[in-house]
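Here is the structure we will look at, set down as structure tokens.
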Amino acid sequence: MHSIEIKETQQIGLKTLFEEIPKRLEKHKGWFALLRIDVFGMGYLNIINGFEKGNKILNEIQNRFLYYFKDVEIVTRAADEFIIFMEIPMKEEIPQLIERIHNLFLQPIENIHVFINGGISIFPIDGKDVCELFEKAGLALKEAKKKGPNVIESYTTLFEKHLSEVFKIENLIREAKQKDLFSFYYLPIFDLKTLKPWGFELLLRIVEKGGKVHPASEFINVLERDPYMKVIEEKIVKEVIEKSQKWNLPVTINISEIGLLTTHFIEVFSSNCKLKRCKIMIEVVERIIIKEFTRIIQVFEKLKEVIGGVAIDDFGTGFSSLGYLKELPFDIIKIDISFIREIPQNQKAKNIVEFIVELGKKLNVIVCAEGVEKVEQLEFLKEIKCDLVQGFLLERPLPASEIEKKYII
């Protein structure tokens, strides 16, 4: 595809978008789709290639939407995100629409392969006004980002799946509480120079009597709304303190947004760690840090009085600003698995990972690569002198008893 020139009059601002959509909804009586498209990792593309080239990429993307989607009613851009509003014959056309979007990014833009995420909401089934459609397309976009680059989610499909999944998860949690099925597994974190354990990441699991293991990603969002979560938090704190002291190695735990922004978890942690400094590392995903920056700083400063350190998890997942790094008291950067998966075939992913490792050295913090599953990935990380690695190539999550047999002398 070549660069496409589009008249300025075909582009509108975000404010005008919210004014124009109600007019279109009144004028036409049919199905409409509102799409929110986000450029994956745009902040790092800007850093590596320069903001001028980054802006050219964004302009070209907008031009492609305007040119190749003849049925588009409205296209606008807000920072790194594009909002598209268009009439569709029926909701069953959504798979074809998603395919059309993907086809626009098959060819490089400015000699760069661009990855995107997208969220779609449909009028009238997902919302009756522009605000509701915009919000639900945003929720679908958020879910798409969790799954990695080039994923586009429809809110309708997402919602239908969500209802069914929530019902199953609620039953699973109810059974886990009644039969005490909650368990702790540990994923080793290896020193890349020696390939010996540097520490371990605690992972919450539900293990059914038949042996089936459910990772926290399947149930944590539902469990966090359950009063029993406070009991789990207390068990987690006691577990990590016991294991970090027994093994004399760092143990890391992930703290959710709810856990960080409510006082109970922090109080339990502080009271249990008060008597002796614990070798415990707290992991917080980057998106939560950006969203609740001021509050997170306060929490981190309080926790660092009693714990071993703080890690930024899922680092590099699409935020444009790196300004928070100079303010936040942290000790470890964990490179998001989506970048590691692209190694060695994607040169841009390799460049980004190398940049993050160099950034860690400049900031005098430890860098850990998550999700290492191939020998080629491990060799590349050794070559660029990454500090720590974890992933199924080296070890899968294990119960504490097996960790002690294999790794604790």
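Taken together, the values in this text are just the output of simple stated rules run on the coordinates, not laboratory data. Computed from a predicted structure; not experimentally measured. Every residue, glycine among them, receives a Cβ derived from its backbone with ideal geometry; neighbour counts consider all protein chains shown.
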Among C131, Q298, W247, whose Cα lies farthest out toward the positive end of the dipole of the chain, if unit charges sit on the beta carbon of Lys, Arg (+1) and Asp, Glu (-1)?
W247
Summing -39500 (n - 2.57) over every DSSP H run of at least 4 in the chain, dividing by its residue total and rounding to the nearest 500, the 222 nm mean residue ellipticity is -14500 deg cm²/dmol
Could you size up the charge dipole of the range 180-407 around its Cα centre, putting +1 on the beta carbon of Lys and Arg and -1 on that of Asp and Glu, and report it in debye to the nearest 20?
480
FRET efficiency (K23, E376; Cβ distance; R0 51 Å; to 0.05) is 0.40
Grab the beta carbon distance between V213 and L328, set R0 = 45 Å, and tell me the FRET efficiency rounded to 0.05.
0.85
Number of Lys pairs in the range 284-371 with C-alpha atoms less than 22 angstrom apart, excluding same-chain neighbours closer than eight positions?
21
Can you give the convex hull volume per residue for the Cα atoms of the range 180-407, as a whole number of Å³?
131
Can you list the DSSP H helices in the chain whose Cα atoms extend at least 18 Å along the helix axis and whose mean Kyte-Doolittle hydropathy is -0.5 or higher?
130-146, 347-363
Assuming a ≥ b ≥ c are the square roots of the Cα gyration tensor eigenvalues, decide whether the range 131-222 counts as rounded (a/c under 1.5), prolate (otherwise, with a/b larger than b/c) or oblate.
oblate
Using a simple spin-label model with points 7 Å from Cα along the Cα→Cβ vector, what separation in nm is obtained for K302 and K177?
2.6
Rounded to a whole number of µm²/s, how large is the Stokes-Einstein D of the chain at 10 °C and 1.306 mPa s, given Rh as the Kirkwood radius over C-alpha pairs?
68
Each label sits 7 Å from Cα toward the beta-carbon; between E93 and K385 the label points are separated, in nm, by 5.6
What span do the alpha-carbon atoms of the range 96-154 cover on each of the three principal axes, reported in whole Å from largest to smallest?
41, 22, 18
What order do you get for 56-63, 366-373 when each peptide is scored by the mean count of other beta carbon atoms within 10 Å, highest first?
366-373, 56-63
Considering just Cα atoms, how many Å³ per residue does the convex hull of the range 308-409 enclose?
120
